[in-house]
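For reference, the structure discussed in these notes is given below.
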Amino acid sequence: MQISAQQVKELRERSGAGMMECKKALVANEGDVDTAMEWLRKQGLAKADKKAGRVAAEGRIVVAMGKGKAVMVEVNCETDFVAKDDNFLNYSDNVAKAALDVTDIDALKTAAYPGGSESVEDTAKALIAKIGENIQVRRMARVVSDGVIGNYVHGGRIGVLVALKGGDEELAKGIAMHVAAMNPTYISPDQVPDEVVAKEKDIAMAQVKDSGKPAEIIEKMISGKLRKAFSEVSLTGQPYVLDTNSNVGDVLKKEGAEIIAVERLAVGEGIEKAEDDFAAEVMKQAGLA
């Protein structure tokens, strides 16, 4: 049957699918746009299930703030092209809003998608069908506090939440910026696990045991090495990125503040990603690979 350009245009605007896919859907459904829309959704979601196994190591970290709480969500896609797409940006923003009312990632996936009638996960499937890439809501971090909560997101790829007792929002954001840049392993040196302390002490002992110095001097040398090592990997012991003349602990003390919680997420952490060349990535995006 004859399919008009206006029918194709209408279906494209409603579905976001390509021109040829829309024409095929209209032909298969005798030109009925509503039925063709349903047909496309069924076809698209079937394709989405296949795409769900593909590696999604790009994406975005999104933060949402509420009264006395904040959440941070990692939403992944396959390429940085899609990570900048308006459909993906809108979806990830809404996922973060939904995350404010849940406590874990499983609950988030089944939560109602803001402004829609489906869940966060089902909405992702529809988006996969539309843009042609795997979309995954991978991780979330949540901070609840009666004190000050600050956040910082760097380039959409690294996000940090910081909760303080005392201090103000400016300080909390500054600490969050520091954590984004330096990625400390611990909040303070006294949080370093005993097994890590023992291992580092053995290493330090091996380094100085043949120095020929008295035992009490060797003990002081080891203590100094450990103090330096643990300060370097602990938030409060690191030089503050916004004022390198002071460490973070000194800044907190000056402001009468204490760190209650720190959460940091970076896009793609722990995901093994195959290295594609640029040409291959463009071809994939264009549906040619």
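The values are calculated or read from the model by the stated rules, or taken from the named source; none is laboratory data. Not measured: the values here are computed from a predicted model. A quick note on method: Cβ atoms are made from the backbone with ideal geometry, for glycine too, and the neighbour counts reach across all protein chains shown.
Tabulated data
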{"item": "Options 206, 181; residue that is at pLDDT 75 or above, under 30 Å from residue 70 (Cβ atoms) and outside any strand (DSSP E or B)", "result": "181"}
{"item": "Residues located in region 60-82, provided they are closer than 16 Å to residue 271 by Cα and either among the hydroxyl-bearing types (Ser, Thr, Tyr) or at pLDDT below 95 (or both)", "result": "76, 77, 78, 79, 80"}
{"item": "Some residue of region 245-255 being over 25 Å from residue 152 (Cβ atoms) and among the acidic types (Asp, Glu)", "result": "no"}
{"item": "Members of region 149-160 that are in contact (Cβ under 8 Å) with a residue 40 or more places away in the chain and either in contact with a helix residue (DSSP H, G or I) (Cβ under 7 Å, 6 or more places away or on another chain) or surrounded by fewer than 20 Cβ atoms within 10 Å (Cβ to Cβ) (or both)", "result": "149, 151, 153, 156, 157, 158, 160"}
{"item": "Flag for residue 175 being of a type in the set (A, V, I, L, M, F, W, C) and at pLDDT below 95", "result": "no"}
{"item": "For residue 102: the one exception among (1) at pLDDT 95 or above; (2) in contact with a helix residue (DSSP H, G or I) (Cβ under 9 Å, 6 or more places away or on another chain); (3) buried (at least 19 other Cβ atoms within 10 Å of the Cβ)", "result": "(3)"}
